[in-house]
1. Of the residues LEU39, LEU9, LEU48, only one is within 22 Å of GLU270 (Cβ to Cβ) and touching a helix residue (DSSP H, G or I) at 6+ places or on another chain (Cβ under 7 Å); which?
2. Among the candidates GLY496, GLY490, GLY481, which residue alone is more than 20 Å from PRO393 (Cβ to Cβ) and of a type outside the set (D, E, K, R)?
3. Which of (1) out of contact with any Lys or Arg (no Cβ under 8 Å at 6 or more places or on another chain); (2) more than 14 Å from ARG97 (Cα to Cα); (3) among the aliphatic types (A, V, I, L, M); (4) touching a residue at least 12 places away in the same chain (Cβ under 8 Å) does ILE224 not meet, given it meets every other one?
4. Collect the residues in region 403-426 that are out of contact with any helix residue (DSSP H, G or I) (no Cβ under 6 Å at 6 or more places or on another chain) and without any contact (Cβ under 8 Å) to a residue 24 or more places away in the chain, keeping them in residue-number order.
5. Can you give me the number of residues within region 133-148 that are in contact (Cβ under 8 Å) with a residue 40 or more places away in the chain, open to solvent by 10 Å² or more (accessible area, probe 1.4 Å) and more than 19 Å from ARG97 (Cα to Cα)?
6. Can you name every one of the helices (runs of 4 or more DSSP H) wholly within region 153-266 that holds 1 or more residues which are more than 22 Å from the chain's Cα centre (by Cα) and surrounded by fewer than 23 Cβ atoms within 10 Å (Cβ to Cβ)?
7. Mind checking which pairs have a first residue in region 241-258 that is on the phi > 0 side of the Ramachandran plot and a second that is in a helix (DSSP H, G or I) and open to solvent by less than 30 Å² (accessible area, probe 1.4 Å), Cβ under 6 Å, 6 or more apart or different chains?
Amino acid sequence: MAGDQLTVLNALDVAKTQMYHFTAIVIAGMGFFTDAYDLFCISLVTKLLGRIYYHVDGHPKPGTLPPGVAAAVNGVAFCGTLAGQLFFGWLGDKMGRKKVYGITLILMVVASLASGLSFSSSPKGVMATLCFFRFWLGFGIGGDYPLSATIMSEYANKKTRGAFIAAVFAMQGFGILVGGIVALIVATAFDNKFKAPPYADNAIASTVPQADYVWRIILMFGAIPAALTYYWRMKMPETARYTALVAKNAKQAAADMSKVLQVEIEAEEEKVDKIAQKGNNSFGLFSREFVKRHGIHLFGTASTWFLLDIAFYSQNLFQKDIFTGIGWIPPAATMNAIHEVYKIARAQTLIALCSTVPGYWFTVFFIDIIGRFAIQMMGFLMMTIFMFAVAIPYDHWTKRENRIGFVAMYSLTFFFANFGPNATTFVVPAEIFPARLRSTCHGISAAAGKAGAMVGAFGFLYAAQSTDPSKTDAGYPPGIGIKNSLIMLGCINFAGMLCTLCVPESKGKSLEELTGENEDNDETGQAATTARTVPV
């Protein structure tokens, strides 16, 4: 380590795991809990929205959302998230992490409540209002990605930094799980209170008027955990790395971290001034120097997140169709509207419980042992293998006697997504870029991921349709079928393996070692090469 390392930053790097680490994980993690809940709960209620607002008298099947409406409802939050990641990522580097952190949370709470209060005199009006508020919900959620990752990265010690950042992201698994549980509870309560016949027996009576409350309650519940963490977010001090390296306020950084670490830390104003004057601490995002030092790294973090999210989000969004195909969810006409929500939520909850949540925590436990690169490469490889294993003999898995084997294989793809690139693509961008650009670059990488999510959300709604025109959902043209869609996702996972070769290993190094911010000018090139893309 160079001699210019600030005492306050070194104190953070070598600090033993303390209560403030866990406090930061919970405060940042509850934001991700809410993020996941809000982004994924919409897939639980889209079938219900179709029944309520797009019923067709005399039709043999319940109403479904038209293709354009379904794509908008499923994907509009991703559009907002992408915009929020870019905007708040940039703002976090300009104004500071803490100042922006509260804004995103308020936006999430207000938009989450407003989503459940989407009213109008026409179905089109309800959907338009819902999409409007879900865009702004996504905008707030988007800001949470770069800010939570950057704050946790800059608070953590270098020995367990990966586990701490991954633990924040792992709260996403609990958000998905609780989304399913909330839907189960609400659907069970309403189904027992308001009895209704299956659609095939009485189409009109199968959707009771009270079903309109079900989706609203499920969507609005996401505001509660976010609101509970606002006070604690506002009490967190600004990170020392931003205060010292970006705001150039050594005295404030030392004072803040003295309280956090409960030790006396000297304010080294001369060192901060010396570091600020170095040429390698002044280049901007669009400079030739940035491209030379970090261009391939930004390409690696953005491309792997883009490819991962195509596969990850498309799986989540049409998993209810897969469950229908293998018989986990009965034909829609054999259920009433609320019971269908129950069946879809049960399937998603089981997948989350068996594979999604465990995968996240495997990453937390192993990321600082075997490293980010190895976990990401292994995850993409296993996702590729299991996706092809599900897709190629897909007809075999649709037979009733093979249902358990199918669910096991499908669950394993989720397990290795989360014990793999879904976690590491979040961790690495918060570590390998300079403090003054860290939040921005994480936001760019995350936005690339959400662009991939939109490809999955919009594209695969169409792609997964049957090749037989008579078997497609109402309003959809024939697609390539679920089998071919899964094969395509397997190829995308393989491409993710190749792009992982551009991502550096950051295990066990301080943030300043990785970025060269404290290195002398003649040492900078050497520092950059230590962050090689492929560990040897």
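The values are calculated or read from the model by the stated rules, or taken from the named source; none is laboratory data. Everything numeric here is computed off the predicted structure, so don't read it as measured data. Don't worry about glycine lacking a Cβ; one is built from the backbone with ideal geometry, like all the others, and counts go over all protein chains shown. In case anyone asks, the SASA skips ligands and DNA or RNA and just uses the protein heavy atoms, side chains included. Shrake-Rupley method; radii C 1.70, N 1.55, O 1.52, S 1.80 Å.
1. Details: LEU39 fails: within 22 Å of GLU270 (Cβ to Cβ); LEU48 fails: within 22 Å of GLU270 (Cβ to Cβ).
Just one listed residue meets the conditions, LEU9.
2. Details: GLY490 fails: more than 20 Å from PRO393 (Cβ to Cβ); GLY481 fails: more than 20 Å from PRO393 (Cβ to Cβ).
One residue alone meets the criteria, GLY496.
3. Looking at each condition in turn, ILE224 falls short on (4).
4. Listed by number, the residues that qualify are ILE404, GLY405, ALA408.
5. Result for region 133-148: 2.
6. Details: elements: 161-193, 211-220, 223-228, 230-235, 250-261.
In region 153-266, 161-193, 211-220, 230-235, 250-261 are the helices (runs of 4 or more DSSP H) which contain 1 or more residues that are more than 22 Å from the chain's Cα centre (by Cα) and surrounded by fewer than 23 Cβ atoms within 10 Å (Cβ to Cβ).
7. LYS248/VAL272
Residue-by-condition table, conditions (1) modelled with pLDDT under 90; (2) out of contact with any helix residue (DSSP H, G or I) (no Cβ under 6 Å at 6 or more places or on another chain); (3) open to solvent by less than 10 Å² (accessible area, probe 1.4 Å):
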residue: LEU91; (1), (2), (3): no, no, no
residue: TYR101; (1), (2), (3): yes, no, yes
residue: LEU107; (1), (2), (3): no, no, no
residue: ALA111; (1), (2), (3): no, no, yes
